[in-house]
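In what follows, a structure is listed as structure tokens, so that the remarks can point back to it.
The values are calculated or read from the model by the stated rules, or taken from the named source; none is laboratory data. The structure displayed is predicted, hence computed values, not measured ones. Note that we place each Cβ from the backbone using ideal geometry, even for glycine, and neighbour counts take in every protein chain shown.
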Amino acid sequence: MTIRRPLGLLICFVAACASPPPPPGPVALADLPNINADAVLADIKSLSADSMEGRAPGTPGEALAVNYITEQFRAAGLEPGNPDGTWVQKVPLAGITPSDFSPLVVKKSGQTLPLRHDADVVAFSQRVTDAISLNDADIIFAGYGVQAPEYQWDDFKGVDVKGKTIVVLVNDPPVPDAADVSKLDPNIFGGPAMTYYGRWTYKYEKAAELGAAAVFIVHETGPAGYDFGVVQGFGGERFDLITPDKNVGRAAIQGWLSLDAATRLFKFAGQDYQALKARARSRDFTPVPLKLTASMSFKQTVRTIDSQNVVAKLTGSDPALKTEYVVYDAHWDHLGRGNPVNGDDIYNGALDNASGVAMLIEIAREFKKVRPAPKRTIVFLAVTAEEQGLLGSAYYAKFPLYPLEKTLANINMDEINVRGRTSDITIIGLGASDLDDYVRDAAREQGRSVTPDAEPEKGFYYRSDHFNFAKAGVPALDPKMGDIYVGKPPGYGKERRDEWNKNDYHKPSDVVKPWWDLGGAADDGKLFLAVGYRIAQADRYPEWKPGNEFKAIRDKMLAATGGKSGRK
């Protein structure tokens, strides 16, 4: 995907309040079914059990997880969600496992600097081939690796990087360079909030577009949002959607450099990393040839599989509206088995994202009890390969089982609240669409408030499956646990969040904890149910807010198909 505009949902909150909220619908939230927290916890434990082996695509854990989810949907009284009468949508993937790495050898005038695989550099390839090599490719420092004409920004100006190795910085440019990120101009790269230009996926896509042979991102824990150990977890089998050209259009090598390795590399080139980083924060930055070359090679084992999205539905009760849809989703996959940590090699993924799937299942159960029954069809979608790059949802968005122009909304559940009740609920990308108004109304009935993302600099809007629906034009909601915990001191939410990121995120220690409290999850789940139900009953489609970058996509889609406009 070539990005011509930042995909940041950084709309002023005033815009969210400018349009009148939708009516709450015929059923008050208090009269809707409650979420059974015990049932949610039981499903989390089942899905994150060691027997599931971390639920990686293409492993026995996938078969076990898919069967479990299917049986729960069946037991809830739902119908198979694929129009062909099955419970799954097959997702063709290529699984690529690298091995036999050479070091990344950096050369300068007969001198060499070897950078160790895994310890210093993490490299992989999306090319579907059995061998990858990089041979004496010139190294260029390309700032943040961004071309953003709407900001008059080009980190590649005047330099052809075709066939070369580029080194780029993580995240997007902080403009101007301010010690206090809260003072950054929100009109330039979203201020303190990350835009899509800051995502590693964008940097790899841009490198491919410009013909680079290799691209390495310098890892820094703060702006990345996770430590280098998470990046090191990228070194095993990785999946991608199968493309006709076997991904030869991608850079041969994509990867990460540790901060220490990058600092040594720049010093080897006679440059100072921090000084170059400071220069890269300006529009006037021009790429810096480092007068170094890079070489690296590794082998790959390639296999193709049909992974599976699990799909169930509750057909709408209104004959005139049942061919319109509200889609709930959660990703069932995690990382499978990996590098042992304290002797444990199973990456159970209890919070990420057995918890979201468990909530998906429980909401499906409770939807069967709602009266009056929803007018539109409710689709429950458990997608594969989110951890591999949002692949299952990307495949669904490309090959939807139900027309996207008739899909009113997507509600994503990725990591539910296991830390207790909150007086607020967070919306990632608050201010993006009318869906926020539905959340605000339901939260108000619970005596709760709506708050924006506490960590916008980490770009969470681009890191879960709703993003693929949004890119396709469908209004997409990414709600997250609140931050103001009932009965807890100020800062409790941040402390728990930091603890999770440091100790458990993408590690074998992501298991059900004895202290988990799903009272807040039950509140959130009921709110999610209310939002989807009220959309299913509404007399109009929800819309993106005026000025949102996805609005034009949606408007064009509906105009081309004669679909309904949002407002009446």
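For the stretch 130-147, a residue qualifies if it is farther than 24 Å from residue 202 by Cβ and either within 30 Å of the chain's Cα centre (by Cα) or not acidic (Asp, Glu) (or both), and the qualifying residues are 130, 131, 133, 135. Listed conditions (1) out of contact with any helix residue (DSSP H, G or I) (no Cβ under 6 Å at 6 or more places or on another chain); (2) closer than 21 Å to residue 477 by Cβ; (3) aliphatic (A, V, I, L, M) are all met by residue 560, apart from (2).
Can you give me the ranges of the helices (runs of 4 or more DSSP H) entirely in the stretch 171-239 with at least 2 residues that are aliphatic (A, V, I, L, M) and either modelled with pLDDT of 75 or more or not assigned by TED's automatic domain parsing to the domain that holds residue 141 (or both)? Here the list reads 200-209, 228-232. Restricting to the stretch 226-268, count the residues that are of a type in the set (S, T, N, Q) and in contact with a strand residue (DSSP E or B) (Cβ under 7 Å, 6 or more places away or on another chain). Number of matching residues: 3. Of all residues in the stretch 94-135, those satisfying the criterion of being surrounded by 14 or more Cβ atoms within 10 Å (Cβ to Cβ) and either over 20 Å from residue 166 (Cα atoms) or outside the structural domain of residue 167 (by TED's automatic domain parsing) (or both) are 94, 95, 96, 97, 98, 128, 129. Within the stretch 93-149, track down each residue that is on the phi > 0 side of the Ramachandran plot and free of Cβ contacts under 8 Å to residues at least 12 places away in the same chain. Scanning the stretch 93-149 gives 109, 110.
Candidates in the stretch 1-58 are the residues that are among the basic types (Lys, Arg) and outside any helix (DSSP H, G or I); of these, the one that is modelled with the lowest pLDDT is 4. If you check 104, 113 for being touching an Asp or Glu at 6+ places or on another chain (Cβ under 9 Å) and among the hydrophobic types (A, V, I, L, M, F, W, C), only one passes: 104.
Here the stretch 472-515 is the region considered, the condition is being touching a helix residue (DSSP H, G or I) at 6+ places or on another chain (Cβ under 7 Å) and not in a loop (DSSP other than H, G, I, E, B), and the residue that is surrounded by the fewest Cβ atoms within 10 Å (Cβ to Cβ) is 485. For the stretch 454-464, the criterion of being surrounded by fewer than 22 Cβ atoms within 10 Å (Cβ to Cβ) and assigned to a strand (DSSP E or B) is met by no residue.
Evaluate the following for residue 163: is it modelled with pLDDT of 95 or more and part of a loop (DSSP other than H, G, I, E, B)? Yes; evaluated as a whole, the condition is true for this residue.
Pairs are defined by a Cβ separation below 9 Å, a sequence spacing of at least 6 or placement on different chains, a first member in the stretch 226-252 that is at positive phi, and a second member that is assigned to a loop (DSSP other than H, G, I, E, B); the pairs so defined are 246/127; 246/128; 246/129; 247/125; 247/126; 247/127; 247/128; 247/129.
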